[in-house]
Amino acid sequence: MTTLKETFGGNLRQYGIVGALAVIVLLFQVLTEGKLLLPNNVASLIQQNAYVMILAIGMVIVIIAGHIDLSVGSVVAFIGGVVAILMKHEGWPWWAAVLAALVFGLLVGAWQGFWVAYVGIPAFIVTLGGMLIFRGLAIVLVGVTLAGFEPGFVAISNGSVTNFLGYIANRDVVTLTFGALVIAALIVSQLRARAALRRHELHVEPVTALVVKLALFAVLIGYFSWVLAGSRGGTPIVLVIVGVLIVVYSFITQRTVFGRNVYAMGGNLQAAILSGVNTKRMNFMIFVNIGLLASVAGVVTTSKAGAAVANAGNMYELDAIAACFIGGTSVYGGIGRVSGVIVGALIMGVLNMGLSIMRVDPAWQSVIKGLVLLVAVAFDLINKRRSGATVR
Amino acid sequence: MSESPAHSGASGGGAATAVADTILEMRSITKTFPGVVALKDVSIDVRPGEIHAICGENGAGKSTLMKVLSGVYPHGTYEGEIIFEGKPVEFRGIRDSEHHGIAIIHQELALSPYLSIAENIFLGNERASRGIIDWGRTNSEAAKLLEKVGLAESPDTMIYDIGVGKQQLVEIAKALAKRVKLLILDEPTAALNDEDSANLLRLIQSLRDQGITAIIISHKLNEILRIADRTTVLRDGQTIRTFDMHAEQVTEEDLIKAMVGRSMDHRFPERTPNIGEEVLRIEDWTVHHPIQQERKVVDGASLYVRRGEVVGLAGLMGAGRTELAMSLFGRTYGTNISGRVIKDGKDVTPATVGDAIRAGIAYATEDRKRYGLNLLADIKRNVAAASLEKVSKYGVVDGGAEARVASRFRDDLNIKAPSVDVTAGNLSGGNQQKVVLSKWIFTDADVLILDEPTRGIDVGAKYEIYTIINSLANAGKAIIMISSELPELIGMCDRIYAISEGRVTGEVPREQATQENLMRYMTMADKGASDDKDVTR
């Protein structure tokens, strides 16, 4: 155990989730007789779960800071309504409608952030209100459904990056190139981080561990892009969106003053206040941010369905929250990572897809997902207790 | 420092009072916490129907002793024995001691604000049959108890509607409902005004006359002199002596001498003061309690500190030292704050913590774990937490610079950790305190307010903290040091302000600083108050 811990530099929890994902993937690969990892299934796994990943990225920041957001599902439906009205009734081009949707997302976030930060109402209440308000507004805007959008808009969630490089062995070269680039970026960033640690005479993991780790991830990413390259369209556009968000928000949470202060507030709010963190402004910003990400999810969801639906996004908030907790985010705030919640979202997605391929009754799917959530959080708590860390 | 080990020998002579005329005897109680001996071979006996006062400095072990007695520290976590009503008892929890008729009323009242007086009196002890509350009995019995404690309120009045003085009476009624034989009151008058205090003391006396024994812990020596039959003085976790207040002519001076009489050895590093011009001045600073808004927690305090000077704030628990510090550090405590903070001749009265930090003021809290550190984060992030702008550009943190700074502090302040990646929660108290100090030194503050900087850390680490404080002063920083340990203040400070009940009651230069002298100012309860009406004496 100790050697394992040393090898992976104390980030065992992070690798633990990746391991869990791998086990679940293998399990369903066997149970579905190899159908789970068919190229087209992998592509649609991403397209179907993009919204969870996008929402979870915003949600993890909210939860690390010690809050919760119950309104994102309703905001998704509301934003869908806004986009649809602008395109159908106002005749806006799809890209202008999308930009407007993002602005609306910021406004929704500012509205909720105002109540949380400056009036001091607990986020649970504010976003419970938001859940009702934006669901209602979505129904007002949409009625039941508004369909029939331009192909450009529908392509966001259903289309793929144009293949301008042709095929090798019946595999899409654009996708393979993406895969190669991601592997290269991963290696470069790891080596640079290591060099920086060295420079500051900080603890670095052993070379073997680094090599094993990089090789493992290179193989995983390589395999993933190889499979995806065999799918009908190659790289889904929405994967690019999610990928960019992952990179940007990993940077924001780990490297910026904003991110630092989010962790400081969740770790010890009093200490953060006494260290001069402007907690009101931080809370406001945190909700503006999740408003923005909810609007992105709204656009993606509406595009996927090809229609604005009044009850779209139902229970999405719970999917996002579950992804956060499965992904190792602390229920008490202060701990959590973007990479973790993405894996959490993928675990949920693989469960969904695998169980669907196996034609498991949706009612039982729900039961299984609930149990997975419980086990993940219980595992986390027991782990912490054993390692002797203080559990509040 | 040579400290005697935790296990001291069996009690040799000790208090060998006849069993018959004691209701409670605690024999050679020893209680240790990791690294600290809180009680060393403490013996005390209490006679039936007396008011027995226990006094001592902060940290002398009074509260620990009462927690042992009431079962908060259960049998087995301490050594020694407790004999109650002639029989040895082993309390496993507060319910056990209550069952025997021992009730403790803590400094912080344990009433539920949104329940009625009657509900509070019978909380956990409900007048009910088969789980259904009998409201008739509840209210009529409550009314009787209220009459007994002299509280003219209806039993269904909500707790939040009545003041602290009355709440204190409800606490006593609650104890009486449990057929209390021995009532323990921990600082019962600390939060009360003169009139309420006088009422409460009269009530305790009348309960004694009805046969209820009381142990009262108090810092207010005049109150002890007024009502106690006997007084036991504790110091450094040991019994010093028990005074019979009727047989001898005991004065406040006698009690103070017994409380502080301790030799001063070389526990403090030498420093030759090099004091410059005034840096910070606080004028007429008044702060009201955040909930009881009519109560002044700090009352017209004025003080100043100069470059290179270490100034102490001495005061007993609840005197308002921390409240003074936190209220001036960006209004992090209290409401209705008035007064001025002048730094280098300019009015900088900070409205937020950010203002205070920018003005060059730092405050290292007395409670590291609750207010000082993010225990989930590593050393380097904690060190940088109050000055992220120094290690970032355009909102992006330079992790390298951050690690460099933290490593520098780790070396300078001798933080014992293999690297600055170690989580703060895994450090010892002394090292955590060094991380907190690093954080504030890194803000480049000119004035550092250090609140109990050595609380809960071992002797060796204390010396290191003192050395850090001295080197800060030598570097021209102004230090305001709050401490409950008088020897520490006397050993470290160039000047000491004594605070009592929110007022600055004395300013003592180093040469005149003795524990007796300071204690006199610190216990100057309402003597200096000319504006308050005072009819009790």
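Values quoted throughout were computed directly from the atomic coordinates according to the rules given, and no laboratory measurement underlies them. Being a predicted model, the structure only gives us computed values, none of them experimental. Here the Cβ positions follow ideal geometry from the backbone for every residue, glycine too, while neighbour counts run over all protein chains shown.
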Quiz item: What distance in nm separates the simple spin-label points at B:R358 and B:K87, each placed 7 Å from Cα in the Cβ direction?
Solution: 6.8
Self-check item: Angstrom value of the Kirkwood radius, inverse mean 1/r, which spans all Cα pairs in the range B:138-287
Solution: 18.9
Practice problem: Between the alpha-carbon centers of the range A:236-283 and the range A:91-147, tell me the distance in whole angstrom. | Solution: 22
Quiz item: Ratio of the range B:339-477's C-alpha Rg to 2.2 N^0.38 Å, to two decimals?
Solution: 1.04
Quiz item: Percentage of Cα-Cα pair distances in chain A greater than 37 Å, rounded to whole percent?
Solution: 22
Quiz prompt | Cα-Cα over 19 Å, subset of B:K40/B:K369; B:K87/B:K181; B:K346/B:K439 | solution = B:K40/B:K369; B:K346/B:K439
Exercise. For every other residue with a beta carbon closer than 11 angstrom to the beta carbon of B:A173, add +1 if it is Lys or Arg and -1 if Asp or Glu, then tell me the sum.
Key: +1
Exercise. Report, ordered by chain and residue number, the lysines lying within cross-link reach of B:K174, taken as a straight Cα distance under 24 Å and ignoring same-chain residues fewer than 8 apart.
Key: B:K62, B:K67, B:K144, B:K148, B:K166
Quiz item: By counting other Cβ atoms within 10 Å of each Cβ, how are B:L376, A:L228 ranked from fewest to most?
Solution: B:L376, A:L228
Exercise. Return a whole-number percent for the relative contact order of chain B, with Cα pairs under 8 Å and 6 or more residues apart as the contact set.
Key: 14
Practice problem: Could you quote the convex hull projected area for chain B, Cα atoms only and averaged over all directions, in nm²? | Solution: 27.6
Exercise. From other protein chains only, count the Cβ atoms within 10 Å of every residue's Cβ in A:260-272, then give the mean.
Key: 6
Quiz item: What is the mean number of Cβ atoms from other protein chains located within 10 Å of the Cβ atom of each residue in peptide B:374-382, rounded to a whole number?
Solution: 6
Quiz item: Say each of B:T157 and A:N170 gets a label point 7 Å from the Cα, pointing the same way as Cα to Cβ; how far apart are those two points in nm?
Solution: 8.8
Quiz item: Given q = 0.16 Å⁻¹, what are the Debye log10 I(q)/I(0) values for the range A:92-175, with equal point scatterers placed on the Cα positions and solvent ignored?
Solution: -0.83
Quiz item: What share of all Cα pairs of the range A:259-378, in percent, falls into each consecutive 5 Å distance bin?
Solution: 2, 9, 15, 18, 18, 16, 10, 6, 4, 2, 0
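For every other residue with a beta carbon closer than 13 angstrom to the beta carbon of A:N261, add +1 if it is Lys or Arg and -1 if Asp or Glu, then tell me the sum.
+4
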Exercise. Hey, can you grab everything whose amide H is under 5 Å from the amide H of B:T239? Only 5+ residues off in sequence or another chain; H modelled, so Pro and N-termini drop out.
Key: B:S43
Self-check item: Three principal axis lengths of the range A:119-256 [C-alpha, angstrom, descending]
Solution: 59, 51, 18
Quiz item: log10 I(q)/I(0), Debye, Cα-only the range A:201-344, no solvent, q = 0.12 Å⁻¹?
Solution: -0.71
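Just rank A:M285, B:M519, A:M59, fewest to most, by other beta-carbon atoms within 10 angstrom.
Working: A:M285 20, B:M519 24, A:M59 29.
Fewest-to-most ranking of A:M285, B:M519, A:M59: A:M285, B:M519, A:M59.
How crowded by other chains is B:399-411, given as the mean number of beta carbons from other chains within 10 Å of each beta carbon?
Across B:399-411, the average partner-chain Cβ count within 10 Å equals 2.
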Quiz prompt | Per-selection metrics, the protein assembly as shown (Cα): Rg and Dmax in Å | solution = 33.1, 107
Quiz item: What's the Kirkwood radius of the range B:326-379 in Å, using all Cα pairs?
Solution: 12.4
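Could you size up the charge dipole of the protein assembly as shown around its Cα centre, putting +1 on the beta carbon of Lys and Arg and -1 on that of Asp and Glu, and report it in debye to the nearest 20?
3240
Can you tally the net charge around A:A297? Count Lys and Arg as +1, Asp and Glu as -1, for every other residue whose Cβ sits under 13 Å from the Cβ of A:A297.
Summing Lys/Arg as +1 and Asp/Glu as -1 gives -2.
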Practice problem: Starting with the fewest neighbours, write out B:E79, B:E147, B:E57 ranked by other beta-carbon atoms found within 10 Å of each beta-carbon. | Solution: B:E147, B:E79, B:E57
Practice problem: Equivalent ellipsoid semi-axes for the range B:224-331, as square roots of 5 times the alpha carbon gyration tensor eigenvalues: give them largest first, rounded to whole Å. | Solution: 34, 24, 11
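Taking the mean number of other Cβ atoms within 10 Å as a proxy for protection, how do you rank B:225-232, B:189-196 from highest to lowest?
In decreasing order of mean packing, B:225-232, B:189-196 become B:225-232, B:189-196.
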Quiz item: Which shape class, rounded, prolate or oblate, goes with the range B:264-397 when its Cα gyration tensor gives a ≥ b ≥ c as root eigenvalues, a/c under 1.5 marks rounded, and past that a/b bigger than b/c marks prolate?
Solution: rounded
Self-check item: Pair B:R510, A:H89: separation of 7 Å Cα→Cβ label points (nm)
Solution: 7.9
Quiz prompt | Column: log10 I(q)/I(0), Debye, Cα scatterers of the range B:296-335, q = 0.25 Å⁻¹ | solution = -0.97
